[in-house]
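Below is one structure, written out as structure tokens; comments come after it.
Coordinate-derived values only; no laboratory data. Worth saying up front: this structure is predicted, and the values here are computed from it rather than measured. Cβ coordinates were reconstructed from backbone atoms using ideal geometry, including for glycine residues, and neighbour counts include every protein chain displayed.
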Amino acid sequence: MIPAIVVFVYLASVLYIGIFAFRRSAQRDKAEDYFLAGRSLGVVVFLLSLFGTNMTAFALLGSSGHAFGNGIVTYGLMASSSALIVPLSLFFIGTRMWALGKKYGFMTPVQMFRDRWECGHIGTVITIVQAVLLIPYIIIGVMGGGTTMNAISGGRIPFWVGGAIVAMVVMSYVFFGGMRGTAWVNAFQTTLFLLFGAIALGVIGAGMGGFGKAVSELASSPATSALLTRERVSPLYFFSYTFIPLSSICFPHIIIFCLTAERVQHFKKTVILYPLCMLAIWLPAVFLGVTANRAVEVPAIQAKLEARKTLATQSATLSPEQKTELRAKAAGDDILVRLLEHYAPLWLVGLLGAGIMAAVMASDSQILALSTMFTEDIFAFYEGKTRFGEAAQVRTGHIFVILITVIAYVIALRWPQSIFDLAVQFAFSGYSALMPLLVGALFWKRSTKWGALAVTLWAAASVIAVAVFQSIVSAPTPGAEVGFGSLFGQAIISRTAAGTSVFGFLPVVPMVIISALLMIVVSLLTAKPSEQTIRRYFRQTI
């Protein structure tokens, strides 16, 4: 329990930082101060908090777990394209959103959409869809907290207790601290898990006798040599991941974070340093996940490898219940913690466990974003603020923080997929399909509210379709797939171990392409906003 106690001390520290930061403000009942920190975040806190809120449990636990099963290609799938696309989207879209927010007082992206397209209830539809698509991201944080606490404590703290502890801590400082508390906590946590990557890499490498030896053993074994190549991922599947980073700037919590910057100059350093931060997080996590395949002296990892082998060789004789149990045993979401508890001293396991927890708890900004969206896009829009006052709006945000945390916790207890697959299949894909909303609103004068509605409904319907398909068709063993229909020798839709593919691509590819076409076609067929509105957003009219 020593590592777990260290993590508890860390959680207490985070709770103090989050609550203390907001108590510095003299305008606690002001919505802009609670939800946007008064648009006054400095460059260091802005950079660290913006990067930290993007990393979550997906970056450390999800990436290392995916690399454990799929190899070094995990880095190419996510980190390489994200390091380019995310900074560019912050530069071209984030800065423009910041300027519009500063000029017109926007606190959420939907407020801009309503003003830009002169729409009311359509904005409510967009809010609801965005909120539903963001819940999987919050679930990731709860799952990561439960997984980490269970592994660090040697199983003494059950998954459901660990998830509850993390959910309560995050809910508490978001409840009391708002955006200011969340930003300061994220800045602190980002610093912590940036240090964690380098220290963990050195400690585990020394414990394994050097990474050179581990990599040589992986390369020399026919069973593991593919982990050092792209062989386990098809070219179409690999290409699909270039669409995933489009989701980053579309996440409401990222847009809302962009609105908190004190000056637009803060974006310059963020764009430059973001790829370096990506390298510092993803490279150690992925590399450790891959080399864990040679850590057979670790009992927990050996059990995972045996479960994976059983799934591959005896799948035909196993019942669906046995397959589900073996997939759970072979899952790699806790692989980093298993490496640490075997190769690091107890006191260091606790400190590095706190570093993992720092990434896990980055779901705080998503919870605050949902609260901001509800109070601004629903409560205030339908005259709740006018009737009951701004203090009531903030209190409503408090209540919504509690509600959404409880919902995410309940779902996380029963969710069967890994952190990586949950994020990619639902949260990232859905928000990537919403990218035409931002592009159309900010850069295309001819875009209309009906085009925006078509995009929103399509994104929601496609995510629901994937979820229903995966609930009906059970996942095959890793490396296998169940195809339905055929065109030019390629299955139209397939059920894979990781989720779903369409013509060999991840669902995100057709989702984004059809979404863009809908925005163009429907907008051209419907009436554009008034010339007065267009002049407010563009220098020349059409």
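The listed peptides 314-321, 88-95, ordered by packing as a protection proxy, come out as 88-95, 314-321 (highest mean of other Cβ atoms within 10 Å first).
Ordered by the count of other Cβ atoms within 10 Å of each Cβ, fewest first, His253, His342 give His342, His253.
The ellipsoid equivalent to the alpha-carbon distribution of the chain has semi-axes of 38, 29, 20 angstrom, derived from the gyration tensor eigenvalues as √(5λ) and listed largest first. Fully extending the segment from Ala480 to Lys268 would add 71.8 nm, taking 0.36 nm per residue of separation and subtracting the current Cα-Cα distance. With neighbour counts taken as other beta-carbon atoms within 10 Å, the residues Trp160, Trp117, Trp450 rank, fewest first, as Trp160, Trp450, Trp117. By the gyration tensor of its Cα atoms, with a ≥ b ≥ c the square roots of the eigenvalues, what is the shape of the stretch 302-450: rounded for a/c under 1.5, prolate for a/b over b/c, or oblate? It comes out prolate by the Cα gyration axes. For the listed peptides 65-77, 257-269, 488-500, a ranking on the average number of other beta carbons within 10 Å per residue, highest first, reads 65-77, 257-269, 488-500. Distance between the pseudo-spin-label points of Leu236 and Leu279 (7 Å out from Cα toward the beta carbon): 3.5 nm. Label Arg414 and Ala206 with points 7 Å out from Cα along Cα→Cβ: what is the distance between them in nm? Those two pseudo-labels are separated by 4.7 nm. Take the convex hull of the alpha carbons in the stretch 433-494; its mean projected area over all directions comes to 6.3 nm². Extension gain for Val132-Ile402 works out to 95.6 nm (0.36 nm per residue, less the C-alpha to C-alpha distance). Between Val43 and Lys309, the modelled labels are 5.5 nm apart [label points 7 Å from Cα along Cα→Cβ]. A protection proxy built from the mean count of other Cβ atoms within 10 Å ranks the segments 178-189, 211-222, most packed first, as 178-189, 211-222. Potential lengthening of the chain between Glu531 and Thr124 amounts to 144.1 nm, from the contour at 0.36 nm per residue minus the alpha-carbon distance.
Using all pairs of distinct alpha-carbon atoms, the Kirkwood hydrodynamic radius of the stretch 361-415 works out to 11.8 angstrom. The value given for the stretch 260-387 is a Kirkwood hydrodynamic radius of 19.1 Å, derived from the mean inverse Cα-Cα separation. The simple Förster model, with R0 at 30 Å and r as the Cβ-Cβ distance, assigns Ser319 and Lys213 a FRET efficiency of 0.15. Rounded to the nearest 10 degrees, the inclination of helix 320-330 to the longest alpha-carbon principal axis of the chain is 90 degrees.
Listed by chain and number, the aspartates and glutamates placed with their C-alpha closer than 18 angstrom to that of Lys528 are Asp115, Glu118; residues fewer than eight positions away on the same chain are left out.
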